[in-house]
Ligand SMILES: Cc1cc2nc3c(=O)[nH]c(=O)nc-3n(C[C@H](O)[C@H](O)[C@H](O)COP(=O)(O)OP(=O)(O)OC[C@H]3O[C@@H](n4cnc5c(N)ncnc54)[C@H](O)[C@@H]3O)c2cc1C
Ligand code: HEM
Ligand code: HEM
Ligand code: SF4
Ligand code: F3S
Ligand code: FES
């Protein structure tokens, strides 16, 4: 069916035991409709079982498999070989671990650490508004919901945080900041003060320079920078 | 020789949740709400509970809105009973269907972003098998959040646990349950990043490790759904129930096995074989492409077996076509555009002009660790294991019997999660702190891990996995019959031997993916063995379990299969009666809750 | 990718030309053009900071008008004129993009494609006009009239941004940076134009000193320099904060920036006050 492609992956490897880091290159022949996770699995199966990489759902729903391919943070389970060739106009790819968290081995990073950012943003309803009556749901009009529903699609893959110009040491990061903004926009949240405090504190939204790389790389096509701007503007 | 393995540290808590998915965290949230100061540790294999498999569920969660003038919980109970092919437990059905709406409101209360109607209420959509008036017409019963219902649920229970300060430990596996006499007092865990073994001592332990169909070549399940929870329960001498009941979804996208929803066929998509013949006309002349899931799955396999299927070399898999080309443009653009985009993204075909390759894909496990209607794990139908609870897809209470209805699983996670949480709270009241590590703590775990680490064998993980997945797909898949099942059992024994000789490529314990996967592979082989043995023993066809040599349902088998396998291939069986309490209560239309015919 | 900046056919020709430069092509593929524009903003801001220091130094020579004129004479050749003209690029880019950022962040303007298109057009026209003024330099314009109009419009911009931002809970310094940006938008664009209305306006000590006798002009210069120093100082602090962890290095750097800005302020104010 589809013709095989010969591709080269230059993978940055890291061994936690020796603390050594090196670039290793693998050449594989694969079908165009294989995802990068399939290619990595193939390398494990046929060439090098020691190469470590991360994934879980393998269909772009969980955000476990973020890596950097030729500079772009993306989901390895969503990138087909032939699309990659078309998008990057090359058959050779540089694979790097995300820079948002410490590397555990090869392409696997400790996203648990990155998640601390999201935890700090308190993604839950701190104090929900009272309901009309027992057993009834809080009413939210579809129009209101439409203003923020896009942002609730975030799967915390941290691609945006990796791409962002300012998420190094002081900024909580686009996805975490957005998690707080979503709840500010949620009519059920009454703890607005606590939320605005999180929004505007030292690591808050003002550290964003509207470089919009977050929106550009987001695999869920969320216009993250739009929500961050709403936060700066105080329009929830 | 790798240095001797040992337990690095011991943690203590009130409740240990093994598996921080939808079910596990719903239980944890319930405990927190009742006693906020409870110390809870929740384990997950992924980096955050948010990445658990519940996140991928799309369609919806069934629940009857008391404000709905037409729908009633009784109808929902009937649908579930009928859907299960008369093999679910009616006490559980009643409990779950009666309290479904409460749970929807609970989720909404805690921040889930349900889709809304014009008046701002929670919107509902129809789903296969859910009917009004005992099968009269479609019921609007599935509450949903666009096509991300599972994500909405997962985020909500995770959020709630976060709020109460539940201690999440990610990137770890529970490898062994700890017991003090009969009482479960925690587990041994292995952390991926540091490669450290820890013991967690807990007053109560909940197993909620979720799905387990990764032993099939094509599966909608995530990489980590390897049946760990079942394997550690089996190793502890506990039974598992109804594992032979594996649900296959007829249209998985070839290769990845990603779900191509029933909605496509609802809109008029047609299944075609190699010669582009619309073959469902032969198998189901009236319902055609909208026949029930199990029937279509079987038809597709027949086509492939008889040489009318196709073969995809990239993914090394057989398939048939799903034809969407003839659908009107507005259907492509509006109604099914999201699912179509999956085909574009993952299979690289454009459904508007090309045929889409699909094949049945293993989707759901009805069976699991047997529990009573409160989530207590059963040692046998009369006896429970103190301190051990189970809920979610890893458990079987059993709401689904041998076949589940779409959207009932999410409902089960949440309601049974809560029920289990309640029971745990009750149990905690007079539960004593565990007295310390049992003397044999770690024996099983270190036995397994040192075998892998010290092997000099020539076997490789990939080879064994490959044979396993093909054997299960071909011989313990949709069609079963005695001879292939026996062959599969032999192969599994062989694979078990081979797996014990896999030489892992790295001997480090730190972030050792090969080691981790080899451990998972062993669990898969263990669970596969039970599936095959259960399928062999059940000489009838019921729900998702189809025996070509016994194609009819038989009253002889009106029970749940319990299987014990404390050591590999040391199998013993037991039976658990099907609960018929709705039927016995002689209430309204009780006759419908007898062993009725399943016809749609 | 869906959120990438959308370009039309004819534009894509220029964009692909830019894409011939490896670093641009790398980042435009991996982070998007907006990301590159942000880097442009950063680099132009820094360029202007360095220009500003050099500028303040040359201006301080006004205390010895002969030396100033001599230096200007020395700089009056093709190369330096060309370089001076080049300053128009960071000026107009930073000003317009700063305006765009303020609109995007605070005024909910999301028509990015439109705005960037406008930016490019206005930018090119501006650079061309400045260039034309270099060649064709016989215009006469009253400084008072010119600066009155400019200051009034700038004050309006100042207040619009001020009122929009002030009530939000954002960091005070950050708000001030946008507000000063809003004020300087036209001031800076106008400054550059005015200084090249004719050669003498910007380069002849007599003309300059005469103009600077006016208290009004003094006032304008004073606001300008103070706002600018704050803006530039905070801008550099902001960049440093992006790359340095909290700690002594960042603290010392911040201190250094504050000192540099205070010293510059002293010289700037002395210049205005004493001349
Ligand atoms: C593609 C897809 C679509 C679906 N759509 C629907 C739908 O529309 N409606 C519906 O009702 N149902 C649906 N289902 C079914 C439903 O999603 C699952 O049954 C349900 O999510 C299972 O939830 P759980 O909490 O039991 O397990 P999971 O969410 O899978 O969580 C299990 C947790 O246990 C952890 N774990 C596993 N093993 C170990 C171990 N050894 N140690 C520690 N932790 C461990 C995992 O990391 C994970 O965190 C769908 C399923 C799939 C695959
Ligand atoms: C013409 C009017 C100006 C406007 C509208 C303006 C606007 C802005 C804005 C909005 C920012 C914030 C960008 C961000 O945080 O990402 C900024 C940053 C900055 N500005 Fe200006 N500015 C102007 C003039 C100047 C001048 C004249 C200088 C230099 C002397 C300057 C130096 C800087 C610096 C160094 C930064 C920091 C850049 C960064 O953080 O990456 N600006 N400007
Ligand atoms: C290249 C063209 C430029 C020329 C010829 C020029 C010339 C001058 C002159 C002659 C003055 C004296 C004050 C006056 O007459 O009002 C002046 C002041 C000033 N210029 Fe420029 N300038 C140029 C560009 C810039 C730029 C790009 C900046 C910003 C970074 C800038 C910032 C200032 C400031 C802040 C003052 C006030 C100084 C003070 O009050 O002490 N100038 N400029
Ligand atoms: S906003 Fe997008 S890129 Fe960022 S974490 Fe969420 S899904 Fe990933
Ligand atoms: S990439 Fe970063 S700078 Fe802002 S707009 Fe996005 S957070
Ligand atoms: S593995 Fe889940 S998003 Fe890629």
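The values are calculated or read from the model by the stated rules, or taken from the named source; none is laboratory data. Note that the coordinates shown come from a computational prediction; the quantities given were computed from them, not determined experimentally. Methodologically, a virtual Cβ is constructed for each residue, glycine included, from the backbone with ideal geometry; neighbour enumeration extends over all protein chains shown.
Which one of these does residue A:44 not meet: (1) within 12 Å of chain B (Cβ to nearest Cβ); (2) free of Cβ contacts under 8 Å to residues at least 12 places away in the same chain; (3) loosely packed, with under 14 Cβ neighbours inside 10 Å?
Residue A:44 satisfies every listed condition except (3).
When you go through A:227, A:216 one by one, which is the residue that is under 22 Å from the mean Cα position of the chain (by Cα), over 15 Å from residue A:151 (Cβ atoms) and in a helix (DSSP H, G or I)?
A:216
Could you give every pair whose Cβ atoms fall below 7 Å, whose first residue belongs to segment C:30-57 and is within 11 Å of chain A (Cβ to nearest Cβ) and at pLDDT below 95, and whose second residue is assigned to a helix (DSSP H, G or I) and within 9 Å of ligand 2 (Cβ to nearest atom), counting only separations of at least 6 or pairs across chains?
No pair meets every condition.
Name the single residue that is nearest to residue B:79 (Cα to Cα) among those in segment B:568-591 being assigned to a loop (DSSP other than H, G, I, E, B) and touching a residue at least 12 places away in the same chain (Cβ under 8 Å). Reasoning before the result, please.
Step one: filter segment B:568-591 for residues assigned to a loop (DSSP other than H, G, I, E, B), giving B:568-571, B:578-580, B:585-589.
Still in the list and also touching a residue at least 12 places away in the same chain (Cβ under 8 Å): B:568-569, B:571, B:578-580, B:588-589.
Working: B:568: 38, B:569: 37, B:571: 34, B:578: 17, B:579: 16, B:580: 15, B:588: 15, B:589: 13 Å.
Within segment B:568-591, the match that is nearest to residue B:79 (Cα to Cα) is B:589.
Any residue at all in segment A:216-231 that is in contact (Cβ under 8 Å) with a residue 24 or more places away in the chain, away from ligand 4 (no atom under 16 Å from the Cβ) and in contact with a helix residue (DSSP H, G or I) (Cβ under 6 Å, 6 or more places away or on another chain)?
Within segment A:216-231, none of the residues are in contact (Cβ under 8 Å) with a residue 24 or more places away in the chain, away from ligand 4 (no atom under 16 Å from the Cβ) and in contact with a helix residue (DSSP H, G or I) (Cβ under 6 Å, 6 or more places away or on another chain).
Identify, from the list B:112, B:61, the residue that is surrounded by 24 or more Cβ atoms within 10 Å (Cβ to Cβ) and over 22 Å from the mean Cα position of the chain (by Cα).
B:112
For every residue, the table says whether it meets (1) surrounded by 24 or more Cβ atoms within 10 Å (Cβ to Cβ); (2) touching a strand residue (DSSP E or B) at 6+ places or on another chain (Cβ under 6 Å).
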residue: B:529; (1), (2): yes, no
residue: B:541; (1), (2): no, yes
residue: B:544; (1), (2): yes, yes
residue: B:553; (1), (2): no, yes
residue: B:558; (1), (2): no, no
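Can we say residue B:18 is within 21 Å of the chain's Cα centre (by Cα), closer than 21 Å to residue A:112 by Cβ and more than 14 Å from chain A (Cβ to nearest Cβ)?
yes
Name the residue that is surrounded by the most Cβ atoms within 10 Å (Cβ to Cβ), counting only residues in segment A:14-39 that are under 21 Å from the mean Cα position of the chain (by Cα) and facing another protein chain (nearest Cβ under 10 Å).
Restricting to residues being under 21 Å from the mean Cα position of the chain (by Cα) and facing another protein chain (nearest Cβ under 10 Å), the top hit is A:35.
Testing residue C:149 on (1) farther than 30 Å from residue A:193 by Cβ; (2) modelled with pLDDT under 95; (3) more than 17 Å from the chain's Cα centre (by Cα), one condition comes back false. Which one is that?
So residue C:149 meets the others, but not (2).
If I ask for residues that are within 14 Å of another protein chain (Cβ to nearest Cβ) and without any contact (Cβ under 8 Å) to a residue 60 or more places away in the chain, which ones from segment B:166-206 would you list?
Scanning segment B:166-206 gives a single hit, B:191.
When you look at residue A:181, is it within 12 Å of ligand 4 (Cβ to nearest atom), crowded, with 23+ Cβ neighbours inside 10 Å and in a loop (DSSP other than H, G, I, E, B), yes or no?
Here the answer is no, as residue A:181 does not meet what is asked.
Condition check ((1) modelled with pLDDT of 95 or more; (2) in the same structural domain as residue B:450 (by TED's automatic domain parsing); (3) within 16 Å of ligand 1 (Cβ to nearest atom)) across all residues:
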{"residue": "B:17", "(1), (2), (3)": "yes, no, yes"}
{"residue": "B:22", "(1), (2), (3)": "yes, no, yes"}
{"residue": "B:53", "(1), (2), (3)": "yes, no, yes"}
{"residue": "B:82", "(1), (2), (3)": "no, no, no"}
{"residue": "B:94", "(1), (2), (3)": "yes, no, no"}
{"residue": "B:98", "(1), (2), (3)": "yes, no, no"}
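Does at least one position in segment A:106-114 carry a residue that is in contact with a strand residue (DSSP E or B) (Cβ under 7 Å, 6 or more places away or on another chain) and surrounded by fewer than 23 Cβ atoms within 10 Å (Cβ to Cβ)?
yes
State which residue pairs qualify: first residue free of Cβ contacts under 8 Å to residues at least 60 places away in the same chain and inside segment B:133-146, second residue surrounded by 24 or more Cβ atoms within 10 Å (Cβ to Cβ) and part of a strand (DSSP E or B) in any location, beta carbons under 8 Å apart, and separation of 6 or more residues or different chains.
B:138/B:130
So residue A:175 clears everything in (1) crowded, with 24+ Cβ neighbours inside 10 Å; (2) more than 15 Å from ligand 5 (Cβ to nearest atom) except one condition, right? Which one?
Here residue A:175 clears every test but (2).
If I ask for residues that are in contact with a strand residue (DSSP E or B) (Cβ under 8 Å, 6 or more places away or on another chain) and surrounded by 24 or more Cβ atoms within 10 Å (Cβ to Cβ), which ones from segment A:61-75 would you list?
Taking segment A:61-75 first, the residues in contact with a strand residue (DSSP E or B) (Cβ under 8 Å, 6 or more places away or on another chain) are A:63, A:65-71, A:73-75.
Residues satisfying the conditions are A:63, A:65, A:66, A:67, A:73, A:74, A:75.
Could you list, in sequence order, all residues of segment A:211-229 that are surrounded by fewer than 23 Cβ atoms within 10 Å (Cβ to Cβ) and within 8 Å of chain C (Cβ to nearest Cβ)?
Listed by number, the residues that qualify are A:221, A:223, A:226.
For every residue, the table says whether it meets (1) in a loop (DSSP other than H, G, I, E, B); (2) away from chain A (no Cβ under 14 Å); (3) within 16 Å of ligand 5 (Cβ to nearest atom); (4) without any contact (Cβ under 8 Å) to a residue 24 or more places away in the chain.
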site: B:13; (1), (2), (3), (4): no, yes, no, no
site: B:23; (1), (2), (3), (4): no, yes, no, no
site: B:30; (1), (2), (3), (4): no, yes, no, no
site: B:37; (1), (2), (3), (4): yes, yes, no, yes
site: B:50; (1), (2), (3), (4): no, no, no, no
site: B:55; (1), (2), (3), (4): no, no, no, no
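For residue B:259, all conditions in the list (1) within 14 Å of chain A (Cβ to nearest Cβ); (2) more than 13 Å from ligand 1 (Cβ to nearest atom); (3) surrounded by fewer than 23 Cβ atoms within 10 Å (Cβ to Cβ) hold save one; what is the number of the exception?
Among (1) within 14 Å of chain A (Cβ to nearest Cβ); (2) more than 13 Å from ligand 1 (Cβ to nearest atom); (3) surrounded by fewer than 23 Cβ atoms within 10 Å (Cβ to Cβ), the lone unmet condition for residue B:259 is (2).
Does residue C:30 satisfy being surrounded by 12 or more Cβ atoms within 10 Å (Cβ to Cβ) and under 27 Å from the mean Cα position of the chain (by Cα)? Even if it seems obvious, please write down each step before you answer.
Details: surrounded by 12 or more Cβ atoms within 10 Å (Cβ to Cβ): yes; under 27 Å from the mean Cα position of the chain (by Cα): no.
Considered against the rule, which asks whether it is surrounded by 12 or more Cβ atoms within 10 Å (Cβ to Cβ) and under 27 Å from the mean Cα position of the chain (by Cα), residue C:30 comes out as no.
So which of A:190, A:167 is outside the structural domain of residue A:99 (by TED's automatic domain parsing) and either away from ligand 2 (no atom under 16 Å from the Cβ) or surrounded by fewer than 24 Cβ atoms within 10 Å (Cβ to Cβ) (or both)?
Selected residue: A:190, the only one of A:190, A:167 that is outside the structural domain of residue A:99 (by TED's automatic domain parsing) and either away from ligand 2 (no atom under 16 Å from the Cβ) or surrounded by fewer than 24 Cβ atoms within 10 Å (Cβ to Cβ) (or both).
For residues that are more than 14 Å from every other protein chain (Cβ to nearest Cβ) and away from ligand 2 (no atom under 13 Å from the Cβ), scanning just segment C:154-196, find the one that is nearest to residue C:131 (Cα to Cα).
C:196
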